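Working notes, beginning with the structure itself.
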Amino acid sequence: MKLQAVRVLSIVHERDAGPGVFADVARDRGEELVEWIPGQQPPPAAEAFEAVLVFGGAMHADQEDGHGWLAVEKQLLRSLLGLGTPALGVCLGAQLLAEVAGGGARRMAQPEIGWTLVELTARAAADPLLGPLAACFEGFQWHSYEASPPAGAVSLARSEACMQAFSLPAAPWWGIQFHAEATSETIAGWIAGYRSDEDAVRADLNWEALRLQTDQKIAHWNARGIGICGRFLDHAASLRVTGAPG
């Protein structure tokens with residue numbers, strides 16, 4: 001018999017950067033997925049959720065002057081951290097989790113866009129989310145900032161450009177820089193609209209080649225994303241059952 005559904009908060013900053021295959025995983029499992037769009041809706045009560053997914057966006061974690069709702073979101077995330085609520089952040093979401101936990105986010109020398117090699121660290125082998133992945137894989141990237149996790153965070157993966165994944169030992173929180181949630185439709189939309197991203201324009205990429213690469217790689221990539229999200233929700237459910245901290 002299935003246990004009661006996990007109530008999952010999905011924080012979506014932009015419609016074209018939504019939960020993708022992560023939403024499919026939650027719904028297929030019968031979990032209760034509640035979407036919150038900061039700036040358009042008042043923040044929900046932190047106590048109402050047993051897991052949190054935080055997604056990406058074109059804005060950056062240090063742009064509170066232009067996006068006042070970022071301060072509201074960060075306060076909600078601080079409350080969730082205090083409660084020990086499991087969280088998984090993607091791209092901007094990972095950077096926000098890092099900042100709220102005492103780290104930050106910083107601009108990279110060059111944006112990282114497209115399919116790049118990601119290598120797991122030795123400590124990732126024991127990680128419940130990333131441990132089952134291959135030691136080296138291609139991941140889809142689209143970011144010009146990188147997370148700078150707080151002291152004591154566990155580095156789980158790297159690319160040539162930056163840290164790609166981390167966890168926090170004090171809480172069941174994970175950040176991944178690669179877009180494990182992204183579908184072919186999501187990526188196609190980003191490529192079609194790349195001119196709205198000044199960093200992407202300066203990167204001077206072969207956008208048609210990137211689209212063709214994505215067509216070839218997306219099925220395997222979505223399988224990885226489905227696995228990561230499923231294991232995260234398994235972990236959240238197990239913490240609810242045992243009452244154990246992260």
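Things worth noting here:
- Comparison of 151, 188 shows that the only residue that is over 25 Å from residue 101 (Cβ atoms) and either in a loop (DSSP other than H, G, I, E, B) or among the aliphatic types (A, V, I, L, M) (or both) is 188.
- Scan of region 190-204 for residues that are over 20 Å from residue 220 (Cβ atoms) and surrounded by 15 or more Cβ atoms within 10 Å (Cβ to Cβ), ordered by number: 194, 197, 199, 200, 203
- When residue 5 is tested against (1) under 14 Å from residue 77 (Cβ atoms); (2) part of a loop (DSSP other than H, G, I, E, B); (3) small (Gly, Ala, Ser), exactly one condition is not met: (1).
- Exclusive hit being touching a strand residue (DSSP E or B) at 6+ places or on another chain (Cβ under 7 Å), of a type in the set (Asp, Glu) and part of a helix (DSSP H, G or I), set 199, 215: 199
- Leading residue by the ranking (farthest from the chain's Cα centre (by Cα)) among those in region 11-49 that are small (Gly, Ala, Ser) and under 25 Å from residue 194 (Cβ atoms): 39
- Within the option set 133, 96, 168, 156, being of a type in the set (A, V, I, L, M) and farther than 29 Å from residue 64 by Cβ holds for one residue only, 133.
- Residue within region 211-219 that is closer than 25 Å to residue 31 by Cβ and over 14 Å from the mean Cα position of the chain (by Cα) present: yes
Residues are listed down the side, and each one gets a yes or a no for (1) among the polar types (S, T, N, Q); (2) part of a loop (DSSP other than H, G, I, E, B):
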{"site": "79", "(1), (2)": "yes, no"}
{"site": "85", "(1), (2)": "yes, yes"}
{"site": "94", "(1), (2)": "no, no"}
{"site": "99", "(1), (2)": "no, no"}
{"site": "102", "(1), (2)": "no, yes"}
{"site": "106", "(1), (2)": "no, no"}
{"site": "111", "(1), (2)": "no, no"}
{"site": "116", "(1), (2)": "yes, no"}
{"site": "119", "(1), (2)": "no, no"}
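- Residue that is modelled with the highest pLDDT [pool: residues in region 163-189 that are over 20 Å from residue 224 (Cα atoms) and surrounded by fewer than 22 Cβ atoms within 10 Å (Cβ to Cβ)]: 189
- Residue within region 162-185 that is aromatic (Phe, Trp, Tyr) and part of a loop (DSSP other than H, G, I, E, B) present: yes
The values are calculated or read from the model by the stated rules, or taken from the named source; none is laboratory data. Keep in mind the model is a prediction, meaning the values are calculated, not measured. For neighbour counting, all protein chains shown are included, and Cβ atoms are generated from backbone atoms with ideal geometry for every residue, glycine included.
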